[in-house]
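Only one structure is covered here, and it is reproduced in the block below.
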Amino acid sequence: MLGIRKKAKHIKRPIINIENAPFPVVEAYKALRANIQFSGVGRKVKRILFTSSNPMEGKTSVSVNLAVTLGQAGQKVLLIDSDLRKPRVHTLLNMPLTPGLTNVLVKNYDFDNAVKRDSKRCIDVLTCGPIPPNPSEMLGSSEMKEFLESIEDKYDYIIMDTPPLLLMADAAVLSKYADGVVIVIQAGVTTFDMVKGVIGNLQKAGANILGCVLNDVRMEDISKHRYGTKYGYYKNYSHYYEKD
Amino acid sequence: MEETLNLREIIRILRQNLLIILSVMVWAAVLGAVLSIYIIDPVYEASATMIVNKSSSEEGQDTTYNDILMTQKLVKTYSVIMQSNTVLNRVTDALGLDMDAKALRNMLTITGVNDTEVIKITVTNKDPELAAKVANEIVRQAPEEIIRAVKAGSVEIIDKATIPSDPVKPNTKMYTIIAGVLGLIASTFAIFLKYYFDDTVKTEDDIAEKLNLPVLGVLPFYRPEPVTAGRKGRR
């Protein structure tokens, strides 16, 4: 293949279907879940916001898949699509866009009526709702703050998907209501300067940056690089996990 | 950029791109071979040798260092005479060539053989027969002029030029090797240039090293076949 990699940037990332996903993918999400859970030791990390520097880096798929993985571990998880500009959570999960977050914020829906239960994946989902003309103001409003506080006791984790931070300030605005922010980095696409820009914006907003997730790492890079032994070991036993 | 590539990274980059580098090298070599075989016109070289005897008065003396210097100077002198318009015009007239003395001079190289008094006349041309003919005609016409001009004793022809069978240029083997080496250098350079200007985050180590950011997860690239119909058709 001469080292030229197929550009697959715009192919939809899938939701992890635990029955069909390859073992290393599921395992990677479990490791991410464990790290998220560990970061909550000694401090409250319940409302977690996912953002990235640019579109298509994997914010939505990472937040959805992490929510699903947390749900599978028996955690009570709410996934909020707070990307009020280009919401995608509902398309990934095959749900209607409305009613959603914006309906709840303008109080024409109760949270209990707006939230959708994905019983197969064991998560609650609040989709975006009708797209508003003023997303930043809505996310930074006191209604948003009150809403998040009102539902906090019902869940172990509240995962929020947001627009890319270098294009829109929404994530920075919302970060003041989140306990922690996770930056999604797409390997081979996101540059260091972009990540530094995101970190700078979040720090200015006073956000608590939990860390980052490196997405779309090629398997051959992982196995050749640091994880040679780790995944190499698993590779030998992966037939135990393969299900066709 | 203050960052430098360390040795391990260089080896990693080279190993990852080994196939590209090698294939570029092979293609360049093939191109060089094709170019030298089919595109570039072959050039033939014919040479004749002759010796000039000095006048008899100096014979019998021991050879001194001065004599050697003298010999080299004389070879130069003879070569100028042989390249003179007088000699070359006679050659073109004798052979009935449709070229002037200047064109003929460009085909001509005259050298002394290893500090001896032997003079080698080399003619290069696309036509092997013509090259040999010109070389032979020069050694036929030159003596008269040399004897007249420098009052030399005599001029003897040692070897007559023969019609060369193999071209001297292009040297297919050399062209192929040079093209291959150029391809190797160019592709390696291009790959390192690409890596040098590539500012994207690639590995977990990159993040730890340059961003001081905890890495919570490393997710593998995973895109199964699109499930939704129609999406695939549009691509």
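The values are calculated or read from the model by the stated rules, or taken from the named source; none is laboratory data. On a predicted model such as this, the values are computed, not experimentally measured, just so you know. Heads up, the Cβs are rebuilt from the backbone with ideal geometry, glycines too, and the neighbour counts pull from every protein chain shown.
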(request) Go through segment A:156-176 and count every residue that is over 16 Å from the mean Cα position of the chain (by Cα) and more than 20 Å from residue A:86 (Cβ to Cβ). (result) 1
(message) Looking at residue B:122 and the list (1) touching a Ser or Thr at 6+ places or on another chain (Cβ under 6 Å); (2) surrounded by fewer than 14 Cβ atoms within 10 Å (Cβ to Cβ), which single condition is not satisfied?
(response) (2)
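Quick check on segment A:27-44: of everything there that is within 11 Å of chain B (Cβ to nearest Cβ) and surrounded by fewer than 21 Cβ atoms within 10 Å (Cβ to Cβ), which residue is farthest from residue A:155 (Cα to Cα)?
Going through segment A:27-44, the residues within 11 Å of chain B (Cβ to nearest Cβ) turn out to be A:27-39.
Among the residues that remain, those that are also surrounded by fewer than 21 Cβ atoms within 10 Å (Cβ to Cβ) are: A:27, A:30-31, A:34-35, A:37-39.
Working: A:27: 24, A:30: 19, A:31: 21, A:34: 17, A:35: 18, A:37: 14, A:38: 17, A:39: 17 Å.
Selected residue: A:27.
Identify, from the list B:99, B:82, the residue that is crowded, with 18+ Cβ neighbours inside 10 Å and either closer than 21 Å to residue B:164 by Cβ or at pLDDT 85 or above (or both).
Values: B:99 fails: crowded, with 18+ Cβ neighbours inside 10 Å.
Criteria check complete, one pass: B:82.
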(request) Mind listing whichever residues of segment B:97-126 are part of a loop (DSSP other than H, G, I, E, B), in contact with a helix residue (DSSP H, G or I) (Cβ under 9 Å, 6 or more places away or on another chain) and under 23 Å from residue B:40 (Cβ atoms)? (result) B:99, B:107
(message) For segment A:106-125, give me each residue that is out of contact with any Asp or Glu (no Cβ under 7 Å at 6 or more places or on another chain), hydrophobic (A, V, I, L, M, F, W, C) and either modelled with pLDDT of 90 or more or over 13 Å from residue A:79 (Cα atoms) (or both).
(response) A:106, A:111, A:114, A:123
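Any residue that is under 23 Å from residue A:192 (Cβ atoms), of a type outside the set (Val, Ile, Thr) and surrounded by fewer than 24 Cβ atoms within 10 Å (Cβ to Cβ) - is there at least one of those in segment A:46-54?
Start the filter on segment A:46-54 by keeping residues that are under 23 Å from residue A:192 (Cβ atoms), which leaves A:49-54.
Then keep just the ones that are of a type outside the set (Val, Ile, Thr); that gives A:49-50, A:52-54.
With the extra rule that they be surrounded by fewer than 24 Cβ atoms within 10 Å (Cβ to Cβ), the set shrinks to A:54.
Among the residues of segment A:46-54, at least one is under 23 Å from residue A:192 (Cβ atoms), of a type outside the set (Val, Ile, Thr) and surrounded by fewer than 24 Cβ atoms within 10 Å (Cβ to Cβ), which makes the answer yes.
Residue-wise test of (1) touching a helix residue (DSSP H, G or I) at 6+ places or on another chain (Cβ under 8 Å); (2) in a strand (DSSP E or B); (3) within 14 Å of chain A (Cβ to nearest Cβ).
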site	(1), (2), (3)
B:147	no, no, no
B:164	yes, no, no
B:173	no, no, no
B:176	yes, no, no
B:180	yes, no, no
B:186	yes, no, no
B:189	no, no, no
B:195	yes, no, yes
B:208	no, no, yes
(request) Can you tell me which residue within segment A:71-100, out of those that are among the hydrophobic types (A, V, I, L, M, F, W, C) and not in a loop (DSSP other than H, G, I, E, B), is farthest from residue A:126 (Cα to Cα)? (result) A:92
(message) I'd like the full set of residues that are closer than 25 Å to residue A:206 by Cβ and of a type in the set (S, T, N, Q), limited to segment A:61-78.
(response) A:63
(message) Pull out all pairs, ordered by first then second residue, where Cβ-Cβ is under 7 Å, the residues are six or more apart or on different chains, the first lies in segment B:190-206 and is more than 19 Å from residue B:8 (Cβ to Cβ), and the second is part of a strand (DSSP E or B).
(response) B:199/A:191; B:200/A:191
(message) Could you check segment A:66-99 and list, in sequence order, the residues that are small (Gly, Ala, Ser) and touching a Lys or Arg at 6+ places or on another chain (Cβ under 9 Å)?
(response) A:67, A:71, A:73
(request) Could you tell me whether segment A:19-29 includes any residue that is modelled with pLDDT under 90, in a loop (DSSP other than H, G, I, E, B) and either touching a Ser or Thr at 6+ places or on another chain (Cβ under 7 Å) or of a type in the set (Lys, Arg) (or both)? (result) no
(request) Quick one: which residue in A:222, A:185 is hydrophobic (A, V, I, L, M, F, W, C), closer than 23 Å to residue B:223 by Cβ and at pLDDT below 90? (result) A:222
(request) Consider residue A:50 carefully, then state whether it is touching a residue at least 40 places away in the same chain (Cβ under 8 Å), farther than 20 Å from residue A:154 by Cα, aromatic (Phe, Trp, Tyr) and within 14 Å of chain B (Cβ to nearest Cβ). (result) yes
